[in-house]
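Questions regarding the structure given below will be posed in turn.
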Amino acid sequence: MFLIGTNKTFSWANAGNSGADGSGFGTYGHGFGYANVPGWADAGVFIAFVGNAGDWAWIGNEISVSGSSSRSAKITFKGNWKAQLQTLLKSYGSTAAGKVRISIYDLTTYEDIGGKTVFSKTITGYMPPETGTINDSITVTLKAGHRYALRFGVSAAVDCKYYKDVATAQLCDTNTWGEWTPGPGGFGVDYNQISLEWQ
């Protein structure tokens with residue numbers, strides 16, 4: 001249990017999840033982990049025919065709040081991300097998209113109570129690899145008796161409009177054979193720290 005009024009800094013993740021959906025013919029690479037490093041989350045999709053595909057992952061900390069009533073808290077996320085997006089045939093309208101978002105999710109009421117988009121792009125053509133540092137705060141009201149997930153989230157999506165097109169949204173590493181290899185470092189999101197300061 002996490003008592004209202006007690007500040008806390010997390011240097012290691014303790015929760016995460018990932019998944020995928022879509023109708024396109026291609027490959028998906030998604031995952032998360034915190035066993036051997038503080039934490040990471042990856043998502044990557046590739047489509048080589050008409051259709052769409054998407055996947056997502058998050059990494060972070062789950063907390064249970066105890067005490068009475070509710071109180072405002074500033075939650076600061078620190079980490080980094082890397083992404084690359086590409087469609088082959090620029091004139092056919094296919095798209096590749098990626099997003100990195102930090103958020104607080106109320107696991108008791110099943111609702112997102114606050115968040116901030118760190119990176120979001122949808123392109124037709126080519127976006128070379130981009131990297132960024134996360135050092136952002138979100139202020140929310142936390143309630144006693146509720147459980148929350150403090151999350152670094154990543155998502156990747158592609159939509160191919162033409163049967164000769166290919167599209168890739170890469171927020172996940174690949175090996176020398178082009179196979180997805182989710183893991184820490186490289187493409188995707190890496191967790192560094194989450195801190196909670198009551199206001």
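Bear in mind these aren't lab numbers, they're just calculated from the coordinates by the rules spelled out. In this text the structure is predicted, and so the values were computed from the model without any measurement. Here Cβ is always computed from backbone atoms with ideal geometry, including for glycine, and neighbour counts include all displayed protein chains.
Suppose each label sits 7 Å from its Cα in the direction of the beta carbon; what would the Ser137-Phe25 distance come out to in nanometres?
Taking the two extended label points, one gets 5.2 nm.
Something else: Starting from the amide H of Gly125, placed 1.01 Å from N in the peptide plane, find each other amide H under 5 Å away whose residue is 5 or more places distant or on another chain.
Answer set, sorted by chain and number: Thr87.
Under the definition of Cα pairs under 8 Å and six or more residues apart, what whole-number percent is the relative contact order of the chain? Could you put the intermediate results ahead of the total?
Details: 679 pairs, mean separation 67.9, N = 199.
The value is 34 percent.
Can you compute 3J(HN,Hα) from phi for each residue in the range 118-130, using the Karplus curve 6.51 cos²θ - 1.76 cosθ + 1.60 with θ = phi - 60°, rounded to whole Hz and x for Gly and Pro?
Rounded to whole hertz, the list is 8, 8, 7, 9, 10, 10, 10, x, 9, 10, x, x, 10.
Let me ask something else about it. Check which residues have an amide H placed less than 5 Å from Val166's amide H, if you skip close sequence neighbours.
Those lying under 5 Å, H to H, from Val166 are Leu88, Leu89.
How long are the semi-axes of the ellipsoid equivalent to the range 40-138, from square roots of 5 times the Cα gyration tensor eigenvalues, in whole Å, largest first?
Values: eigenvalues 231, 45, 23 Å².
Listed largest to smallest, the semi-axes of the range 40-138 are 34, 15, 11 Å.
HN-Hα J couplings of the range 17-29 from phi, Karplus 6.51/-1.76/1.60, θ = phi - 60°, integer Hz, Gly and Pro as x?
With coefficients 6.51, -1.76 and 1.60, one gets 6, 7, x, 8, 7, x, 10, x, 8, x, 10, 10, x Hz.
Suppose every K and R has +1 on its Cβ and every D and E has -1 on its Cβ; what is the size of the dipole of the range 157-199 about the Cα centre, in Debye to the nearest 20? Each step should come with its number before you reach the end.
Values: 2 positive and 6 negative charges, 44 e Å.
Value, rounded to 20: 200 debye.
Taking amide hydrogens as modeled 1.01 Å from N in the peptide plane, which residues meet the under 5 Å criterion relative to Ser94, leaving out close sequence neighbours?
Lys161
Return the sequence-ordered ³J(HN,Hα) values of the range 174-184 in whole Hz as given by the Karplus equation 6.51 cos²θ - 1.76 cosθ + 1.60 applied to θ = phi - 60°, using x for Gly and Pro.
Calculated HN-Hα couplings, in order: 10, 9, 5, 9, x, 7, 5, 9, x, x, x Hz.
Work out the length of the dipole vector of the range 2-198 about its Cα centre, built from +1 on the beta-carbon of each Lys and Arg and -1 on the beta-carbon of each Asp and Glu, and round it to the nearest 20 debye.
My answer is approximately 420 debye.
At what distance in nm do the modelled label points of Val50 and Leu88 sit from each other, each positioned 7 Å from its Cα along Cα→Cβ?
1.6 nm
Report relative contact order for the range 84-151 in percent, whole number only (criteria: Cα-Cα under 8 Å, sequence separation at least 6). Please report the intermediate quantities before stating the final value.
Details: 112 pairs, mean separation 27.5, N = 68.
Answer for the range 84-151 is 40 percent.
Now, a different point. Where in the range 33-58 does the amide nitrogen come within less than 17 Å of the point 7 Å from the Cα of Lys161, taken along Cα to Cβ?
Backbone N within reach: 47-53.
Among the aspartates and glutamates, which fall within straight-line cross-link reach of Lys164, defined as a Cα-Cα distance under 19 Å, with same-chain neighbours fewer than 8 residues apart omitted?
Candidates past the 8-residue exclusion: nothing left.
Residue farthest toward the positive end of the dipole of the chain, with Cβ of Lys/Arg at +1 and Asp/Glu at -1: which of Gly31, Ile47, Leu3?
Working it through, the farthest residue towards the positive pole turns out to be Leu3.
Regarding the chain, what is the average projected area of its C-alpha convex hull, in nm²? It would help to have the intermediate numbers written out before the result.
Working: hull surface 43.9 nm².
For the chain, the mean projected area of the Cα convex hull comes to 11.0 nm².
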